[in-house]
Amino acid sequence: MNEEIKKIIQDIGGKPEEWIRVSERPGKEPFAKELNYSLSDYFWGKVHVRNEGEIYVLVISKDVFNWKDRIKELKLSGEVVDAAGGLMWLQEFDIQGLKRDFEFLKTFIENIRKQKQQKTS
């Protein structure tokens, strides 16, 4: 799964970093792995995969002032777990859903940028 996730990020033009193991507190056993990523200047964040296989994705964007206001517009495969300001956490249920959501979010942000340009012209 780890290499598949890296490939998905690369396939849409993103840059994945290396996986690191994370624990709740220093000295505790790792309960997950995380990978930081960036997708050009559209969005960035981390993919968090728990030992049991649950996938969570942090999405950070400077183009979206508040994700919470846009949740109804999002056609995601995964589920929005939390959203505030330019930060949003998604729970993904499979790798293909993760791929669809990354592609959707890239297009979504491209459209936001186009709308902003039209307003300023």
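Here W67, W44 are screened, and the one residue that is at pLDDT below 95, surrounded by 17 or more Cβ atoms within 10 Å (Cβ to Cβ), over 17 Å from E3 (Cβ atoms) and touching a strand residue (DSSP E or B) at 6+ places or on another chain (Cβ under 7 Å) is W67.
Return the residues of region 21-64 that are more than 17 Å from the chain's Cα centre (by Cα) and not acidic (D, E); say none if nothing qualifies. Walk me through it before giving the result.
Applying the first criterion (more than 17 Å from the chain's Cα centre (by Cα)) to region 21-64 yields 21-31, 51-52.
The answer is R21, V22, S23, R25, P26, G27, K28, P30, F31, N51.
For the condition surrounded by 12 or more Cβ atoms within 10 Å (Cβ to Cβ), in a loop (DSSP other than H, G, I, E, B) and within 14 Å of the chain's Cα centre (by Cα), S77 qualifies.
Only residues that are farther than 19 Å from D63 by Cβ and out of contact with any helix residue (DSSP H, G or I) (no Cβ under 7 Å at 6 or more places or on another chain) were counted across region 8-32, and they come to 17. Here I8 meets the list (1) surrounded by 18 or more Cβ atoms within 10 Å (Cβ to Cβ); (2) of a type outside the set (G, A, S); (3) assigned to a loop (DSSP other than H, G, I, E, B) almost entirely, failing just condition (3).
Table: residues versus (1) without any contact (Cβ under 8 Å) to a residue 24 or more places away in the chain; (2) part of a strand (DSSP E or B); (3) of a type in the set (F, W, Y).
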position	(1), (2), (3)
E4	no, no, no
R21	yes, yes, no
G27	yes, no, no
K33	no, yes, no
E52	yes, no, no
L58	no, yes, no
D82	yes, yes, no
F102	no, no, yes
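The values are calculated or read from the model by the stated rules, or taken from the named source; none is laboratory data. Computed from a predicted structure; not experimentally measured. No Cβ is skipped: glycine too gets one built from the backbone with ideal geometry, and neighbour counts run over all protein chains shown.
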